[in-house]
Amino acid sequence: TMNRLQRIRRISGWLRRLTLLLAVALVGAVAFALGVPGQTLITLGNGQLNQLLGSGAFGGSAAIAVFAPMGLLLALGLYWLQRLFGEYQRGHFFTDGNMRCYLWLVWLKVAWFAYSLLWPPVVAGLVPAVKASGAAVTVELGTLVELAVLVLIVHVLREAQRLHDENEAFV
C-alpha cells in the first residue's frame, strides 16, 4: 500500500511539472497564432477566431478583447490543475484543498462554455464586418454532457467528503 501511495505521489509530481511545461508551451503557441498572420498550424477556439483573424475583418484591440478572457480562463485552469497535482504529490487525496481545486476546474469549464456562447454575437454586434462574415454560436452535445457529469462528480465528491468528516468526528 505504501509503495502504491509513493507511486501515485511520484506520478502526480510528474503530471504537475508536465502541466507547468504545457502552460509555457501554450503561451508560445498562442503568441505564434496571434503573431503570424495566415498560419494554419494552431487554431484558437473552434476555428472561427482564426477565420476572422485571417479575413482581416477582425483584429487589433477587438481581437485582444476577445482573446483576453480565453487566455485568463486557460491560465486559471492550468494553475488549478497543477495545484491539484501538487495536492496529490503531497499525499492529500481527499481534502478541502482538493475540493477547492475541483470546484475551480469545473466552474472554469462552465465559464469557458458560457464565454464560447457569448463571444460570437458580441463580436458580430461590435464589428460590422464580422457580422457579414457570419460568426456563429456552436453548442456541442458532448460538451453539455461533460459539464453535467463534472457538476455531478463534484456534488458526489462533496457529499462523500462530508460523510468522511462526520465519520472522523464520530470516532
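General observations
- Taking segment 1-120 as the region of interest, the helices (runs of 4 or more DSSP H) fully inside it that hold 3 or more residues being modelled with pLDDT of 95 or more and exposed (fewer than 15 other Cβ atoms within 10 Å of the Cβ) are 2-35.
- Inter-residue pairs, beta-carbon under 9 Å, first among the basic types (Lys, Arg) and in segment 116-139, second surrounded by 12 or more Cβ atoms within 10 Å (Cβ to Cβ) and at pLDDT 80 or above, 6+ apart: none
- Whenever a residue of segment 5-33 is more than 11 Å from GLY86 (Cβ to Cβ), its partners that are part of a helix (DSSP H, G or I) and not acidic (Asp, Glu), lying with C-beta atoms within less than 6 angstrom and at least six residues away or across chains, give the pairs ALA23/LEU78.
- Reported count of residues in segment 156-171, each being surrounded by 11 or more Cβ atoms within 10 Å (Cβ to Cβ) and either without any contact (Cβ under 8 Å) to a residue 12 or more places away in the chain or of a type in the set (Phe, Trp, Tyr) (or both), is 1.
- Residues of segment 1-38 that are within 18 Å of GLY77 (Cβ to Cβ) and of a type in the set (Val, Ile, Thr): THR19, VAL24, VAL27, VAL30.
The values are calculated or read from the model by the stated rules, or taken from the named source; none is laboratory data. Keep in mind it's a predicted model, so treat the numbers as computed, not measured. With ideal geometry, Cβ positions are generated from the backbone for all residues, glycine too; neighbour counts draw on all protein chains shown.
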